[in-house]
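**Q** The structure follows.
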Amino acid sequence: MASNIRVAVIGSGAAGLCALRHLIAKPHVFEAVCFEKGNQVGGTWIYTDKTGIDENGLPIHSSMYKHLKTNLPKEVMAFPDFQFNANLPSFIGHEEVLRYLESYSNFYGLSSYIKFKTYVLRVNPIKDLKDKTKWEVSYTNTTDKKEENNQTEIFDAVIVCNGHYSDPIYPSLPGIEKFKGEIIHSHNYRDEESMRDKVVMVLGAGASGQDIAIEISSTAKNVYLSHNKAPLTSILPANVEQKSGIQEVKDTSVIFKNGEICDADVLLLCTGYYFTFPFLTEKCHLSINDERVTPLYKHVIHTELPSLSFIGICKTICPFPLFNNQVQFVLGSLDGTFSLPSEEEMNKDTQNDFEKRLSEGLPPRYAHHMGPRQWNYNQQLENIANLKPIPRSVQVLYDMVHKKRVQNLPGYKKVNYKMVGPEEFETIEPV
Ligand code: FAD
């Protein structure tokens, strides 16, 4: 068994906290340091009214909006070893999730391992005298960025937990530069009041597009939900109408792919986020092509440099339970609980997973999308690293909620769930 493995964790959102919680559970094996550019734990769940640049000259990290309610019930959101307060409703606000993450951090005593207001500038692999990969992690103080104060520490492993909902994708739609109305990305959307009496074109019907379209229907004059997917089958508020994808933007209107034209005051882009790792040097050999991050074994471990790992790349998941598995999978690979396959085998596994998705008709940018695949994926990690399985009840409730959401977007969060058997839930509605 290896000893004294020095691990750097980048970020103290849900993923970074989970990494720390498991690292410090094995003090005889790991020594952990977490770097967090903000001044508190919680990451994207730290809501702010502000958009743009923060007081330290860094881009605002959080994409939370004021009245967001979680799109998963707290019963499936929780880390399997730490439940939400049972008295809360199933669907909760961002402040409750932040409180939960703070309680998790306090319960496991994580904050003393976190260097706050510390921005990681550079992560670079080097070889030690025994030809073993080590990691230089360079960082600066966010409130006093004098170059002479920058520091570098050496680690045996790096776990990247920097979040993937901060760097907005602005689609290049023909004519968008001529649009005279307001263009806003969901990253900067905060409040339905800002849409009062406006005709709003929401672009994209992913989780954010769907949720924001419903939220602003209470204030906007009309909401058009424009997307390239199959039409949503849910009931929708009377002033929300689905449209096909956009062909061209004019100065005060848009032309859809089916030739229809609609006036709009606002283009609300719910078009997703880039994966960005600005601190990784070229020597880290990480590629991002069309939202696919390579070369990662099981979406987590760098196949060429296996002491570099990434938590939370997967999309459309139950994030906290999945992070909990990914973290333990990484730590198991580092402490020798299991041996990783050869680089070649890991690359083959990754390629097979990707090609299977393509053969099922998914576009390349869905390389990390999970949805129903997440349960089998979780099982794979559990089997390889000998982990305690995520309770079946999580999947049962996730599927139940998903079904309800598909039918009733405006209403599915108005329900509470009560566990009445190991894999059985009762709904209590309306809240
Ligand atoms: P983050 O929470 O983004 O944390 C990353 C941390 O890294 C931040 O604290 C950041 O400051 C820090 N960091 C980044 N770069 C550096 C650097 N260079 N140096 C130092 N620190 C750095 N999930 C659910 O389970 N249920 C929901 O209902 C739900 N709704 C969501 C709604 C929205 C609008 C969004 C954006 C996400 C939602 N999610 C939801 C997903 C959510 O992102 C995950 O649940 C989870 O919180 C992500 O955690 P993370 O640690 O990966 O990233």
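**Q** Select from segment 411-426 the residues that are in contact with a helix residue (DSSP H, G or I) (Cβ under 8 Å, 6 or more places away or on another chain) and surrounded by 17 or more Cβ atoms within 10 Å (Cβ to Cβ) and list them in ascending order.
**A** Y412, V415, Y417, F425
**Q** Then there is this: Tell me whether segment 195-202 contains one or more residues that are of a type outside the set (A, V, I, L, M, F, W, C) and either under 27 Å from the mean Cα position of the chain (by Cα) or over 30 Å from R405 (Cβ atoms) (or both). Walk me through how you get there before you give the answer.
**A** The first filter runs over segment 195-202 and keeps only residues of a type outside the set (A, V, I, L, M, F, W, C), leaving 196-198.
From what's left, either under 27 Å from the mean Cα position of the chain (by Cα) or over 30 Å from R405 (Cβ atoms) (or both): none.
No: segment 195-202 contains no residue that is of a type outside the set (A, V, I, L, M, F, W, C) and either under 27 Å from the mean Cα position of the chain (by Cα) or over 30 Å from R405 (Cβ atoms) (or both).
**Q** Specify the residue that is farthest from the ligand (Cβ to nearest atom); the eligible residues are those in segment 334-345 that are closer than 27 Å to A14 by Cα and in contact with a Pro (Cβ under 9 Å, 6 or more places away or on another chain). If you could, list the steps in order and put the result at the bottom.
**A** Kept after step one, since they are closer than 27 Å to A14 by Cα, are these residues of segment 334-345: 334-340.
Next, from what is left, pick out any that are in contact with a Pro (Cβ under 9 Å, 6 or more places away or on another chain): 334, 340.
Working: L334: 19, L340: 23 Å.
This residue is L340.
**Q** Return the residue satisfying two criteria in turn: it lies in segment 296-333 and is away from the ligand (no atom under 16 Å from the Cβ) and in a loop (DSSP other than H, G, I, E, B), and of such residues it is surrounded by the fewest Cβ atoms within 10 Å (Cβ to Cβ).
**A** Here the residue is E304.
**Q** Within segment 167-183, which residues are within 14 Å of the ligand (Cβ to nearest atom) and surrounded by fewer than 18 Cβ atoms within 10 Å (Cβ to Cβ)?
**A** Hits for segment 167-183 are D167, I169.
**Q** Failed condition for L358, given (1) away from the ligand (no atom under 16 Å from the Cβ); (2) touching a residue at least 24 places away in the same chain (Cβ under 8 Å), with all others met?
**A** Against the list (1) away from the ligand (no atom under 16 Å from the Cβ); (2) touching a residue at least 24 places away in the same chain (Cβ under 8 Å), L358 comes up short only on (2).
**Q** From the list N87, N71, N56, which residue is without any contact (Cβ under 8 Å) to a residue 40 or more places away in the chain, surrounded by fewer than 22 Cβ atoms within 10 Å (Cβ to Cβ) and either assigned to a loop (DSSP other than H, G, I, E, B) or within 14 Å of the ligand (Cβ to nearest atom) (or both)?
**A** Exactly one residue qualifies, and that residue is N87.
**Q** What are the pairs with Cβ atoms under 9 angstrom where one residue, in segment 30-45, is closer than 21 Å to E136 by Cα and within 9 Å of the ligand (Cβ to nearest atom) and the other, located anywhere, is among the hydroxyl-bearing types (S, T, Y) and assigned to a helix (DSSP H, G or I)? Sequence gap at least six, or different chains.
**A** Qualifying pairs under 9 Å: C34/Y113.
**Q** When the residues of segment 201-221 are filtered to those that are among the aliphatic types (A, V, I, L, M) and outside any strand (DSSP E or B), which remaining residue is nearest to N188 (Cα to Cα)?
**A** The first filter runs over segment 201-221 and keeps only residues among the aliphatic types (A, V, I, L, M), leaving 201-203, 205, 207, 212-214, 216, 220.
Adding the requirement that they be outside any strand (DSSP E or B) leaves 205, 207, 212-214, 216, 220.
Numbers: A205: 17, A207: 16, I212: 12, A213: 15, I214: 17, I216: 14, A220: 17 Å.
Top of the filtered list is I212.
**Q** Identify, from the list L101, L23, L110, the residue that is near the ligand (Cβ under 9 Å from one of its atoms) and of a type in the set (A, V, I, L, M).
**A** Among L101, L23, L110, only L101 is near the ligand (Cβ under 9 Å from one of its atoms) and of a type in the set (A, V, I, L, M).
No lab work stands behind these numbers, since they all come straight from the coordinates. These figures come from a predicted structure and were not determined experimentally. FYI the Cβ positions are ideal-geometry reconstructions off the backbone, even for glycines, and counts take in every protein chain you see.
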